[in-house]
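Trainee: I am attaching a structure below and will ask some questions about it afterwards.
The values are calculated or read from the model by the stated rules, or taken from the named source; none is laboratory data. Just so it is clear, the model here is predicted, and its values are computed rather than measured. Cβ: placed from backbone, ideal geometry, glycine included. Neighbour counts: every protein chain shown. For the accessible areas, the whole protein counts, side chains as well, though only heavy atoms, and no ligand, DNA or RNA atoms are used. Shrake-Rupley method; radii C 1.70, N 1.55, O 1.52, S 1.80 Å.
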Amino acid sequence: MPLAFFQNGGSVAGSGNLRGQGMMCMGVRILNAAHFVGAVKVLIGNRELARGLCYGQVSDYTKVGAGFRSVSVISEETGEELLCETMPFYGGRRMVLVLYNTMNGMILIPMEECICGEGRERACLRAANFSYGEEFDLALADGERVFSNLMQGRVTSFLPALPGEYDFSICKSAKMQEEKLTEEKCINLNIVSGVSYTICILGSGNKETPFTIKVLEF
(Lines give C-alpha, C1' and ligand atoms only; values in the text may rest on other atoms or scores of the structure.)
Protein backbone atom coordinates (compact mmCIF):
# COMPACT_ATOMS: atom_id res chain seq x y z
CA MET A 1 0.00 0.00 0.00
CA PRO A 2 1.50 3.39 -0.95
CA LEU A 3 2.53 6.12 1.43
CA ALA A 4 -0.69 7.96 0.51
CA PHE A 5 -2.36 6.15 3.39
CA PHE A 6 -1.08 9.09 5.48
CA GLN A 7 -3.58 11.33 3.75
CA ASN A 8 -3.65 14.32 6.07
CA GLY A 9 0.10 14.72 6.38
CA GLY A 10 1.70 16.50 9.30
CA SER A 11 1.55 15.49 12.92
CA VAL A 12 -1.37 14.37 15.02
CA ALA A 13 -1.36 15.92 18.45
CA GLY A 14 -4.02 13.66 19.92
CA SER A 15 -5.12 13.99 23.52
CA GLY A 16 -3.38 12.80 26.65
CA ASN A 17 -6.55 13.03 28.75
CA LEU A 18 -8.18 9.65 29.29
CA ARG A 19 -11.74 8.96 30.29
CA GLY A 20 -11.97 7.05 33.54
CA GLN A 21 -8.29 7.42 34.37
CA GLY A 22 -8.94 9.91 37.16
CA MET A 23 -7.37 13.35 37.36
CA MET A 24 -5.35 12.43 40.45
CA CYS A 25 -3.56 9.44 38.91
CA MET A 26 -1.44 8.65 35.86
CA GLY A 27 -1.40 5.22 34.22
CA VAL A 28 2.24 4.14 33.85
CA ARG A 29 3.83 1.09 32.27
CA ILE A 30 7.56 0.34 31.94
CA LEU A 31 9.45 -0.75 28.81
CA ASN A 32 12.90 -2.20 29.48
CA ALA A 33 14.94 -1.19 26.42
CA ALA A 34 18.23 -1.25 28.40
CA HIS A 35 19.90 -4.35 27.04
CA PHE A 36 23.05 -4.01 29.20
CA VAL A 37 21.41 -4.43 32.60
CA GLY A 38 19.37 -7.65 32.59
CA ALA A 39 16.22 -8.03 34.68
CA VAL A 40 15.28 -5.07 36.87
CA LYS A 41 12.89 -3.96 39.57
CA VAL A 42 11.29 -0.51 39.19
CA LEU A 43 9.99 1.54 42.10
CA ILE A 44 8.13 4.83 42.07
CA GLY A 45 8.52 6.18 45.57
CA ASN A 46 8.18 3.09 47.75
CA ARG A 47 5.74 1.40 45.38
CA GLU A 48 6.89 -1.44 43.16
CA LEU A 49 5.75 -1.08 39.55
CA ALA A 50 7.66 -3.96 38.01
CA ARG A 51 9.71 -6.93 39.22
CA GLY A 52 11.90 -9.21 37.09
CA LEU A 53 11.35 -7.02 34.02
CA CYS A 54 13.75 -8.35 31.40
CA TYR A 55 15.12 -6.58 28.35
CA GLY A 56 12.41 -6.14 25.71
CA GLN A 57 9.53 -6.66 28.14
CA VAL A 58 6.80 -4.15 28.99
CA SER A 59 4.91 -4.13 32.28
CA ASP A 60 1.19 -3.74 32.90
CA TYR A 61 -0.27 -0.34 33.70
CA THR A 62 -0.11 0.85 37.30
CA LYS A 63 -1.80 3.97 38.66
CA VAL A 64 0.65 6.54 40.03
CA GLY A 65 -0.46 9.60 41.99
CA ALA A 66 0.04 12.94 40.25
CA GLY A 67 3.04 15.02 41.30
CA PHE A 68 6.81 14.73 41.41
CA ARG A 69 7.93 11.19 42.28
CA SER A 70 11.27 9.44 42.58
CA VAL A 71 11.89 6.56 40.15
CA SER A 72 14.39 3.87 41.17
CA VAL A 73 15.69 1.07 38.94
CA ILE A 74 17.36 -1.82 40.76
CA SER A 75 19.22 -4.79 39.29
CA GLU A 76 17.51 -8.06 40.20
CA GLU A 77 20.85 -9.88 39.88
CA THR A 78 23.05 -7.69 42.08
CA GLY A 79 20.64 -5.51 44.04
CA GLU A 80 22.52 -2.43 42.82
CA GLU A 81 20.53 0.75 42.33
CA LEU A 82 21.15 1.55 38.66
CA LEU A 83 19.25 4.82 38.55
CA CYS A 84 17.31 7.16 40.84
CA GLU A 85 15.61 10.18 39.32
CA THR A 86 12.74 12.50 40.25
CA MET A 87 10.22 13.32 37.55
CA PRO A 88 6.66 14.68 37.19
CA PHE A 89 3.56 12.52 36.75
CA TYR A 90 0.39 14.13 35.40
CA GLY A 91 -3.09 13.06 36.47
CA GLY A 92 -5.58 11.81 33.90
CA ARG A 93 -2.93 10.60 31.44
CA ARG A 94 -0.97 7.49 30.52
CA MET A 95 2.65 6.99 29.54
CA VAL A 96 5.33 4.42 28.86
CA LEU A 97 8.46 5.00 30.92
CA VAL A 98 11.35 3.65 28.84
CA LEU A 99 14.58 2.39 30.45
CA TYR A 100 17.28 3.21 27.90
CA ASN A 101 21.06 2.76 27.68
CA THR A 102 23.46 5.51 26.59
CA MET A 103 27.25 5.63 26.62
CA ASN A 104 27.03 7.31 30.03
CA GLY A 105 24.63 4.82 31.60
CA MET A 106 20.88 4.39 31.94
CA ILE A 107 18.35 7.18 31.41
CA LEU A 108 14.55 7.39 31.55
CA ILE A 109 12.56 8.43 28.47
CA PRO A 110 8.92 9.32 29.23
CA MET A 111 6.70 8.55 26.24
CA GLU A 112 3.13 9.79 26.66
CA GLU A 113 0.38 7.63 25.19
CA CYS A 114 -2.27 9.78 23.54
CA ILE A 115 -5.75 9.11 22.27
CA CYS A 116 -5.56 9.42 18.50
CA GLY A 117 -6.75 12.84 17.36
CA GLU A 118 -8.02 11.66 13.98
CA GLY A 119 -11.34 10.21 15.05
CA ARG A 120 -12.69 6.72 14.54
CA GLU A 121 -11.93 6.52 10.82
CA ARG A 122 -8.16 6.46 11.25
CA ALA A 123 -5.35 5.19 13.44
CA CYS A 124 -2.18 6.96 14.57
CA LEU A 125 1.38 5.76 13.97
CA ARG A 126 4.76 6.85 15.32
CA ALA A 127 8.23 5.34 15.68
CA ALA A 128 10.87 5.33 18.42
CA ASN A 129 14.54 4.41 18.20
CA PHE A 130 15.63 2.79 21.45
CA SER A 131 18.55 0.95 19.85
CA TYR A 132 22.18 1.57 20.72
CA GLY A 133 24.60 3.11 18.25
CA GLU A 134 22.52 3.28 15.07
CA GLU A 135 20.29 5.67 13.13
CA PHE A 136 17.38 4.27 11.13
CA ASP A 137 14.55 5.00 8.72
CA LEU A 138 11.16 3.28 8.91
CA ALA A 139 9.98 2.42 5.43
CA LEU A 140 7.13 0.68 3.67
CA ALA A 141 7.89 -2.55 1.80
CA ASP A 142 8.34 -0.63 -1.47
CA GLY A 143 11.10 1.48 0.08
CA GLU A 144 9.05 4.63 0.66
CA ARG A 145 10.24 6.28 3.88
CA VAL A 146 7.59 6.94 6.53
CA PHE A 147 9.99 8.27 9.22
CA SER A 148 13.55 9.29 8.37
CA ASN A 149 16.73 9.82 10.36
CA LEU A 150 15.55 8.25 13.61
CA MET A 151 18.41 9.08 15.95
CA GLN A 152 19.06 7.22 19.18
CA GLY A 153 16.45 7.97 21.81
CA ARG A 154 14.17 9.82 19.39
CA VAL A 155 10.38 9.44 19.48
CA THR A 156 8.53 10.86 16.46
CA SER A 157 5.20 12.67 16.40
CA PHE A 158 2.12 10.69 15.37
CA LEU A 159 0.97 10.48 11.76
CA PRO A 160 -2.63 9.62 10.78
CA ALA A 161 -3.04 6.25 9.06
CA LEU A 162 -5.92 4.62 7.23
CA PRO A 163 -6.85 1.14 8.52
CA GLY A 164 -5.33 -1.78 6.64
CA GLU A 165 -2.46 -4.24 6.51
CA TYR A 166 1.03 -2.84 5.97
CA ASP A 167 4.53 -4.24 5.60
CA PHE A 168 7.25 -2.13 7.23
CA SER A 169 11.01 -2.52 7.25
CA ILE A 170 13.79 -0.95 9.26
CA CYS A 171 16.51 0.48 7.01
CA LYS A 172 19.82 2.18 7.61
CA SER A 173 19.32 5.93 7.54
CA ALA A 174 19.21 7.17 3.95
CA LYS A 175 21.92 9.73 4.66
CA MET A 176 24.23 6.88 5.72
CA GLN A 177 23.43 4.07 3.29
CA GLU A 178 20.50 2.49 1.48
CA GLU A 179 21.27 -1.04 2.62
CA LYS A 180 18.30 -2.82 4.20
CA LEU A 181 18.72 -4.88 7.29
CA THR A 182 17.89 -8.58 7.35
CA GLU A 183 14.37 -9.90 6.88
CA GLU A 184 14.03 -10.29 10.65
CA LYS A 185 13.71 -6.52 10.85
CA CYS A 186 10.54 -6.44 8.74
CA ILE A 187 7.06 -6.51 10.26
CA ASN A 188 3.51 -6.91 9.05
CA LEU A 189 1.11 -4.66 10.94
CA ASN A 190 -2.68 -4.74 10.76
CA ILE A 191 -3.67 -1.16 11.56
CA VAL A 192 -7.10 -0.69 13.14
CA SER A 193 -8.92 2.63 13.31
CA GLY A 194 -8.96 4.41 16.66
CA VAL A 195 -5.75 2.74 17.87
CA SER A 196 -2.36 4.42 18.39
CA TYR A 197 0.74 2.40 17.42
CA THR A 198 4.37 2.97 18.40
CA ILE A 199 6.95 0.97 16.44
CA CYS A 200 10.00 0.66 18.71
CA ILE A 201 13.48 -0.35 17.55
CA LEU A 202 15.51 -2.15 20.23
CA GLY A 203 18.94 -3.75 20.46
CA SER A 204 22.59 -3.08 19.68
CA GLY A 205 23.06 -5.16 16.53
CA ASN A 206 25.35 -7.77 18.08
CA LYS A 207 24.72 -11.49 18.48
CA GLU A 208 23.44 -11.21 22.05
CA THR A 209 21.03 -8.32 21.40
CA PRO A 210 20.26 -8.06 17.67
CA PHE A 211 18.08 -5.26 16.39
CA THR A 212 14.43 -6.12 16.97
CA ILE A 213 11.07 -4.43 16.58
CA LYS A 214 8.44 -4.14 19.31
CA VAL A 215 5.03 -2.59 18.67
CA LEU A 216 3.16 -0.90 21.51
CA GLU A 217 -0.57 -0.30 21.10
CA PHE A 218 -2.84 2.05 22.95
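Trainee: Shape verdict for the range 28-171, please, from the Cα gyration tensor: rounded (a/c under 1.5), prolate (a/b greater than b/c) or oblate.
Mentor: Because a/c hits 1.5 or more and a/b fails to exceed b/c, the range 28-171 counts as oblate.
Trainee: So who's got an amide H within less than 5 Å of the one on Ala50, skipping anything under 5 residues away but keeping other chains? H placed 1.01 Å off N, in plane.
Mentor: Distant-sequence amide H within range of Ala50: Val42.
Trainee: Then there is this: Using only alpha carbon pairs under 8 Å that are at least six residues apart, calculate the relative contact order of the range 27-108 and give it in whole percent.
Mentor: 35
Trainee: Of the listed pairs Lys185/Lys207; Lys63/Lys214; Lys41/Lys214; Lys172/Lys214; Lys41/Lys185, which have alpha-carbon separations greater than 26 Å here?
Mentor: Over 26 Å apart, Cα to Cα: Lys41/Lys185.
Trainee: Continuing with the same structure: Where the only charges are on Cβ atoms (+1 Lys, Arg; -1 Asp, Glu), what is the dipole of the range 41-146 about its Cα centre, to the nearest 20 debye?
Mentor: The dipole of the range 41-146 has a size of about 580 debye.
Trainee: Given H placed on each backbone N at 1.01 Å, which residues far from Gly65 in sequence or on other chains put an amide H within less than 5 Å of it?
Mentor: Distant-sequence amide H within range of Gly65: Met26.
Trainee: Restrict the search to the range 30-101; then list the GluC sites (Glu not before Pro) that DSSP places in a loop and that have at most 16 other Cβ atoms within 10 Å of their Cβ.
Mentor: Of the GluC sites (Glu not before Pro), the ones in loops of the range 30-101 whose Cβ has at most 16 other Cβ atoms within 10 Å are Glu76, Glu77, Glu80.
Trainee: Run the accessible area of the range 56-154 with a 1.4 Å probe and give the carbon-and-sulfur part as a rounded percent.
Mentor: Accessible surface attributable to carbon and sulfur in the range 56-154 totals 45 percent.
Trainee: Can I ask one more? At 1.4 Å probe size, with every protein chain present, just tell me what the per residue accessible area of the range 39-90 comes to in Å².
Mentor: Spelled out: the 1.4 Å probe surface of the range 39-90, per residue, equals 56 Å².
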